[in-house]
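This report refers to the structure that appears directly beneath it.
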Amino acid sequence: MLVAHSIEQQEDDDLFKLVAVYRNEPNIELQGVRSEIHHGSFALEIHGFPVYELQGHYWTDRATKGGMKLSNKINKLYDTYEQAKRETSN
């Protein structure tokens with residue numbers, strides 16, 4: 001769940017950045033076993049118009065951090081992550 005977010009225009013007029021703070025609440029059966037409730041932030045550069053890629057970094061209050069590169073957009077909406085995974089897996 002996003003707690004706060006914004007899309008900010010960068011110094012380069014063609015580049016925007018999506019920044020956000022989130023709260024992750026894993027399914028109850030994962031809590032205490034694999035993943036706890038945690039908070040994090042991310043900053044993603046938005047590339048292209050129309051957008052073809054998001055790229056940036058994340059960090060969490062669990063002392064984890066990393067990079068993200070999101071591409072290969074699919075122009076279809078899904079009701080659940082499981083449905084999307086099932087219908088887009090090769």
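The values are calculated or read from the model by the stated rules, or taken from the named source; none is laboratory data. What you see is a predicted model; the values in this text were computed from it and never measured. Glycine also receives a Cβ, built like all others from the backbone with ideal geometry; neighbour counts cover every protein chain displayed.
Which ones in the stretch 69-90 are farther than 22 Å from residue 14 by Cβ, surrounded by 10 or more Cβ atoms within 10 Å (Cβ to Cβ) and among the basic types (Lys, Arg)? Talk me through it step by step, then tell me what you get.
From the stretch 69-90, those farther than 22 Å from residue 14 by Cβ are 74-90; that's our starting set.
Among the residues that remain, those that are also surrounded by 10 or more Cβ atoms within 10 Å (Cβ to Cβ) are: 78, 83-88.
Those that are farther than 22 Å from residue 14 by Cβ, surrounded by 10 or more Cβ atoms within 10 Å (Cβ to Cβ) and among the basic types (Lys, Arg): 85, 86.
Could you list all residues from the stretch 19-72 that are of a type in the set (Phe, Trp, Tyr), over 10 Å from the mean Cα position of the chain (by Cα) and assigned to a strand (DSSP E or B)?
Here is the first cut: in the stretch 19-72, the residues of a type in the set (Phe, Trp, Tyr) are 22, 42, 49, 52, 58-59.
Filter once more, so that each one left must be over 10 Å from the mean Cα position of the chain (by Cα): 49, 52, 59.
Listed by number, the list holds a single entry, 59.
Only one of (1) at pLDDT 90 or above; (2) surrounded by 13 or more Cβ atoms within 10 Å (Cβ to Cβ) is not met by residue 66, so which one is it?
All conditions are met except number (2).
Go through the stretch 76-90 and report how many residues are within 25 Å of residue 43 (Cα to Cα), of a type in the set (S, T, N, Q) and more than 17 Å from the chain's Cα centre (by Cα). Full working, then the answer.
Initially, the stretch 76-90 is screened for residues within 25 Å of residue 43 (Cα to Cα), giving 76-78, 80-81, 84-85.
Subset that is of a type in the set (S, T, N, Q): 80.
In the following step, the residues that additionally are more than 17 Å from the chain's Cα centre (by Cα) were identified as none.
Summing the residues that are within 25 Å of residue 43 (Cα to Cα), of a type in the set (S, T, N, Q) and more than 17 Å from the chain's Cα centre (by Cα) in the stretch 76-90 gives 0.
State whether one or more residues within the stretch 2-19 are of a type in the set (Lys, Arg), surrounded by 12 or more Cβ atoms within 10 Å (Cβ to Cβ) and out of contact with any Phe, Trp or Tyr (no Cβ under 7 Å at 6 or more places or on another chain).
Restricting attention to the stretch 2-19, the residues satisfying the condition of being of a type in the set (Lys, Arg) are 17.
Add one more test, that the residue is surrounded by 12 or more Cβ atoms within 10 Å (Cβ to Cβ), and what stays is 17.
Pick out the ones that are also out of contact with any Phe, Trp or Tyr (no Cβ under 7 Å at 6 or more places or on another chain) and you get 17.
Yes, the stretch 2-19 has at least one match.
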